[in-house]
Ligand SMILES: *[C@@H]1O[C@H](CO)[C@@H](O)[C@H](O)[C@H]1NC(C)=O
Ligand SMILES: *[C@@H]1O[C@H](CO)[C@@H](O)[C@H](O)[C@H]1NC(C)=O
Ligand SMILES: *[C@@H]1O[C@H](CO)[C@@H](O)[C@H](O)[C@H]1NC(C)=O
Ligand SMILES: *[C@@H]1O[C@H](CO)[C@@H](O)[C@H](O)[C@H]1NC(C)=O
């Protein structure tokens, strides 16, 4: 999703370490458990039931593991480089993060930043970072992951483009486009991700989002750039989850379709990704308005029907996906369709998490999605019409009811294997430059 070009800022988890514990909350599985405990049954029967119960425990563990919200703001004012922290751009308001973790019990934030700020144009895309910008970003990530113990997706919000973010999502050279002499190379992108991963290598709560919404480029090149990022990240020894986008603004509904000017479907390429740790998932976005853009108040697109082809593809290829952006307007039909989509994700175990678009410290009354009467998900703000914003409307009606009752506070790789849940172990270290 694209941020406004410039803004005027106005400016409990269930403890324990066994998946059996939280399963007692679920209907059919808990009755299996009680049957297994029934002393009137033969021991062998009880053991068989207990075995069934444990298998069920594992499959429940593979459902929604991460649930939360986008923190958008680090990419704001993209026409103004480097920009001023707290004025042109900012990452989080800590008290907002407190509200979301302490009261809403979410465990995921997707934190956006701009690659042209992290890697200034003078030195180009690569391993030379602006240390001031990096520190500001890292402070936000560490507040979320170390202080609040939630997960943070690191999101270079760049549409797989670099060198001119002034008119995102269309401006800037496509990374790896060898026909464009000004374009950064795929190797530069790999160097960038290698450096970034190195700096978070000890932080288990970080998830690496390769890039936001590639579009209108060769799908093969997206595969190549994704693969380079994975190689770079794994070359450092970093083991955390990686999420990889596809073409067409990484739309879930269009995953198996031609997008843009005849660009091949993401589904033709992305199953070729290889990760030595098998800990890479697919990153998709899905808005429920008529053209999937998130710019309309009315919802017209049913999530389950539109995601069905992606779901099949994920199942066929033994892959998982996260829905890292979605949105719907402030009205009953949107609430209905959004609940339906989030329920669909929970019902299909190829989906492991979601984050709503968007909270963020600089939105003010502006809408992050879906019409002026919607506003953003930042607590404490109104919408542009002076009414309650999406945190008071969309969130309680269609997002809060879908937050899993059990928060997962430490999820161990590999993703395609059995996910070990509910360990409170935490390694709060990060690598200092
Ligand atoms: C952060 O959020 C709190 C609570 O909504 C608000 O009082 C404060 O003004 C916000 N800070 C900034 C810098 O926006
Ligand atoms: C690095 O970022 C800081 C904070 O945005 C900014 O003040 C400074 O000018 C930037 N330096 C370069 C070389 O871009
Ligand atoms: C950046 O992109 C915008 C929009 O396409 C264009 O008008 C502008 O000239 C570009 N800036 C540079 C330095 O290329
Ligand atoms: C990754 O998956 C492949 C194919 O299923 C398997 O051969 C390999 O052992 C797995 N690697 C890890 C680290 O789990």
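The values are calculated or read from the model by the stated rules, or taken from the named source; none is laboratory data. None of these values were measured; they are calculated from a predicted model. Cβ: placed from backbone, ideal geometry, glycine included. Neighbour counts: every protein chain shown.
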| query | When only residues in segment 343-363 that are in contact with a helix residue (DSSP H, G or I) (Cβ under 9 Å, 6 or more places away or on another chain) and in a loop (DSSP other than H, G, I, E, B) count, which is surrounded by the most Cβ atoms within 10 Å (Cβ to Cβ)? | reply | 360
| request: May I ask you to verify whether residue 244 is modelled with pLDDT of 95 or more, within 18 Å of the chain's Cα centre (by Cα), closer than 30 Å to residue 199 by Cβ and buried (at least 23 other Cβ atoms within 10 Å of the Cβ)? | output: yes
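Restricting attention to segment 143-163, which residues are out of contact with any strand residue (DSSP E or B) (no Cβ under 8 Å at 6 or more places or on another chain) and closer than 19 Å to residue 98 by Cα? Lay out the reasoning, then the answer.
Of segment 143-163, the ones out of contact with any strand residue (DSSP E or B) (no Cβ under 8 Å at 6 or more places or on another chain) are 143, 146-149, 158-159.
If the condition is that a residue be out of contact with any strand residue (DSSP E or B) (no Cβ under 8 Å at 6 or more places or on another chain) and closer than 19 Å to residue 98 by Cα, then 143, 146, 147, 148, 149 are the ones that fit.
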| task | Could you pull out the residue among 176, 172 that is on the phi > 0 side of the Ramachandran plot and within 16 Å of ligand 3 (Cβ to nearest atom)? | result | 172
| Failed condition for residue 35, given (1) at positive phi; (2) at pLDDT below 95 | (1)
| query | Quick one: how many residues across segment 92-131 are under 20 Å from the mean Cα position of the chain (by Cα) and within 16 Å of ligand 3 (Cβ to nearest atom)? | reply | 2
| remark: Restricting attention to segment 66-112, the residues that are within 13 Å of ligand 2 (Cβ to nearest atom), crowded, with 24+ Cβ neighbours inside 10 Å and assigned to a strand (DSSP E or B) number exactly 1
| remark: A careful count of residues in segment 138-149 that are away from ligand 1 (no atom under 16 Å from the Cβ) and either buried (at least 24 other Cβ atoms within 10 Å of the Cβ) or farther than 23 Å from residue 81 by Cα (or both) gives 5
| field | Qualifying position, being assigned to a helix (DSSP H, G or I), surrounded by 23 or more Cβ atoms within 10 Å (Cβ to Cβ) and away from ligand 1 (no atom under 16 Å from the Cβ), among 152, 165, 197 | value | 197
